[in-house]
Amino acid sequence: FYTRLNSIVLEQVYDVKKFLDDHPGGDEVLLSATGKDATTDDFEDVGHSSSARAMMDEFFVGEIDTATIPSKTTYTPPKQPHYNQDKTSEFIIKLLQFLVPLAILGVVVGIRFYTKSA
């Protein structure tokens, strides 16, 4: 149905290969609009002249059967279970971050005290 350089404007397909070198806006504009509906953003919003619209007849390929176009579907991410973090574990971690260094310090002081007195 499409060749690589077909664009859709107003539900009509145009083969723009022959016009790439002659397009006043450059070939990048045409290449970015190939294979998609270029009616609004790429064609109508630019404000083409009546002579530009008349030139389109030369590149016309055919009409689109709108009944064959699939309806747009919106992506819905899968539902994930809500993570309910236990605040108790957070408290224990903070407590351990404080107590472990104190315990190590206590052991070191105890060993130092025991070895000096012996």
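Anything in region 47-65 that is open to solvent by less than 70 Å² (accessible area, probe 1.4 Å) and either in a helix (DSSP H, G or I) or of a type in the set (A, V, I, L, M) (or both)? List them, or say none.
We begin by selecting, within region 47-65, every residue open to solvent by less than 70 Å² (accessible area, probe 1.4 Å); these are 47-49, 52, 54, 56, 59, 62, 64.
Those that are open to solvent by less than 70 Å² (accessible area, probe 1.4 Å) and either in a helix (DSSP H, G or I) or of a type in the set (A, V, I, L, M) (or both): 52, 54, 56, 59, 64.
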Since residue 29 meets every condition but one in (1) aliphatic (A, V, I, L, M); (2) open to solvent by 70 Å² or more (accessible area, probe 1.4 Å); (3) within 24 Å of the chain's Cα centre (by Cα); (4) over 17 Å from residue 12 (Cβ atoms), which condition does it not meet?
(2)
Within region 25-46, residues of a type outside the set (S, T, N, Q) and in a helix (DSSP H, G or I) come out as 27, 28, 29, 30, 31, 41, 42, 43, 44, 45, 46
Answer yes or no: is there a residue in region 98-110 that is open to solvent by 90 Å² or more (accessible area, probe 1.4 Å) and not hydrophobic (A, V, I, L, M, F, W, C).
no
Residue 75 vs (1) over 18 Å from residue 17 (Cα atoms); (2) in a loop (DSSP other than H, G, I, E, B); (3) touching a Leu at 6+ places or on another chain (Cβ under 9 Å): all pass except (3)
Looking at (1) among the aliphatic types (A, V, I, L, M); (2) more than 17 Å from residue 14 (Cβ to Cβ); (3) modelled with pLDDT under 80, find the lone condition where residue 103 falls short.
(3)
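The values are calculated or read from the model by the stated rules, or taken from the named source; none is laboratory data. Small disclaimer: the values here were computed from a predicted structure and weren't measured. For neighbour counting, all protein chains shown are included, and Cβ atoms are generated from backbone atoms with ideal geometry for every residue, glycine included. Just the protein is used for accessible areas: all its heavy atoms, side chains included, with ligands, DNA and RNA removed. Shrake-Rupley method; radii C 1.70, N 1.55, O 1.52, S 1.80 Å.
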